[in-house]
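Written below as structure tokens is the structure these notes are about.
The values are calculated or read from the model by the stated rules, or taken from the named source; none is laboratory data. None of these values were measured; they are calculated from a predicted model. Glycine also receives a Cβ, built like all others from the backbone with ideal geometry; neighbour counts cover every protein chain displayed. Surface accessibility is based on the protein's heavy atoms, side chains included, excluding ligands, DNA and RNA. Shrake-Rupley method; radii C 1.70, N 1.55, O 1.52, S 1.80 Å.
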Amino acid sequence: MPILDPLKRVQDLRRANERRAGKSDSPVGRTPPGQSLTAKFPVLTYGPIPRVDRDSWRLKVWGLVDAPQEWDYEGILALPQQTQTVDIHCVTRWSKLDTTWQGAPFTTIAALVAPRPEADHVMIHCYGGYTTNMRLSELLEADVILAHSYEGLPLEPEHGGPMRLLVPKLYLWKSAKWISGLEFMQGNRPGFWERYGYHMHGDPWTEERFG
Ligand SMILES: Nc1nc2c(c(=O)[nH]1)N[C@H]1C(S)=C(S)[C@@H](COP(=O)(O)O)O[C@H]1N2
Ligand SMILES: [Mo]
């Protein structure tokens, strides 16, 4: 057996461990399998870009929650804010390192609407009709935010402005642009791309591209 194979295996294991420990700062260790790095920020949208201005934008939360609520743009800005620098990964095989976003943590919103014990998934709804599904447990991780700013500036309309979801740990199709609603549910249901064969979960590190 060529010596390269075991060496590569050890390297891969070390990278996986570093990643789990959050230690790796080498671009190689931070790039999931099958992805290439880009410095650009490609726009990927199915259909036309819905034009939603700040004043009319709303987030409605309903389903299996004790306190259904609606927020406007100012309401989201009035919540505690979080700024974070994260890597993003698109299923079309580009990754972008060190992108900086600001917004309100999903956990704050979840705490305010009080999910019922049986709620275990959330359908994300968007202006324009796009949807995507996620496990509630993953939305409750600390780096999931409702983002209104990118690199210190208000989010551009083509990237989801005035407000999008950011879930850095999953492929970017889960980071719904022009977010309009959160539907808390019991059990999972496919969203837009998931119905067309994308994976129900979408972990870039295990290449959950298609279901
Ligand atoms: N509402 C909405 N959100 C969406 C999409 C979309 O078509 N509509 N595309 C998804 C896909 S497939 C990707 S890869 C990312 C791309 O985000 P970007 O255009 O800011 O790069 O947005 C996701 N969020
Ligand atoms: Mo995508």
Which listed residue is of a type in the set (A, V, I, L, M), more than 16 Å from ligand 1 (Cβ to nearest atom) and closer than 24 Å to Leu153 by Cα, from Ile76, Ile49 = Ile76
ask   = If we scan segment 87-95, do we find a residue that is out of contact with any Asp or Glu (no Cβ under 6 Å at 6 or more places or on another chain) and free of Cβ contacts under 8 Å to residues at least 40 places away in the same chain?
value = no
request  = Those residues that are touching a Lys or Arg at 6+ places or on another chain (Cβ under 8 Å), in a loop (DSSP other than H, G, I, E, B) and either of a type outside the set (A, V, I, L, M, F, W, C) or open to solvent by less than 10 Å² (accessible area, probe 1.4 Å) (or both), I need them from segment 167-181; list them, please.
outcome  = Val167, Tyr171, Ser175, Ala176, Lys177
query = Yes or no: Ile88 at pLDDT 95 or above and away from ligand 2 (no atom under 16 Å from the Cβ)?
reply = no
message = If Ser56 meets every condition in (1) more than 15 Å from ligand 1 (Cβ to nearest atom); (2) part of a loop (DSSP other than H, G, I, E, B); (3) touching a residue at least 12 places away in the same chain (Cβ under 8 Å); (4) among the hydroxyl-bearing types (Ser, Thr, Tyr) apart from one, which number is that one?
response = (3)
key: Count - residues of segment 154-181 that are farther than 23 Å from Leu64 by Cβ, more than 13 Å from ligand 2 (Cβ to nearest atom) and of a type outside the set (D, E, K, R)   = 8
ask   = Hey, among the residues in segment 96-120 that are small (Gly, Ala, Ser) and touching a residue at least 24 places away in the same chain (Cβ under 8 Å), which one's surrounded by the most Cβ atoms within 10 Å (Cβ to Cβ)?
value = Gly103
query = Of all the residues that make up segment 121-148, how many are surrounded by fewer than 17 Cβ atoms within 10 Å (Cβ to Cβ) and hydroxyl-bearing (Ser, Thr, Tyr)?
reply = 1
ask   = Within segment 76-85, is even one residue more than 16 Å from ligand 2 (Cβ to nearest atom), open to solvent by less than 10 Å² (accessible area, probe 1.4 Å) and either over 27 Å from Val43 (Cα atoms) or at pLDDT 95 or above (or both)?
value = yes
Flag for Ile49 being part of a loop (DSSP other than H, G, I, E, B), among the β-branched types (Val, Ile, Thr) and within 16 Å of ligand 2 (Cβ to nearest atom) = yes
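Name the single residue that is nearest to ligand 2 (Cβ to nearest atom) among those in segment 182-211 being in contact with a Leu (Cβ under 8 Å, 6 or more places away or on another chain), open to solvent by less than 10 Å² (accessible area, probe 1.4 Å) and under 13 Å from Asn133 (Cβ atoms). Write out each step before concluding.
Here is the first cut: in segment 182-211, the residues in contact with a Leu (Cβ under 8 Å, 6 or more places away or on another chain) are 182, 184-186, 201-204.
Cutting the leftovers down to open to solvent by less than 10 Å² (accessible area, probe 1.4 Å) gives us 182, 184, 202, 204.
Filter once more, so that each one left must be under 13 Å from Asn133 (Cβ atoms): 182, 184, 202.
On the way: Leu182: 21, Phe184: 25, Gly202: 10 Å.
The selected residue is Gly202.
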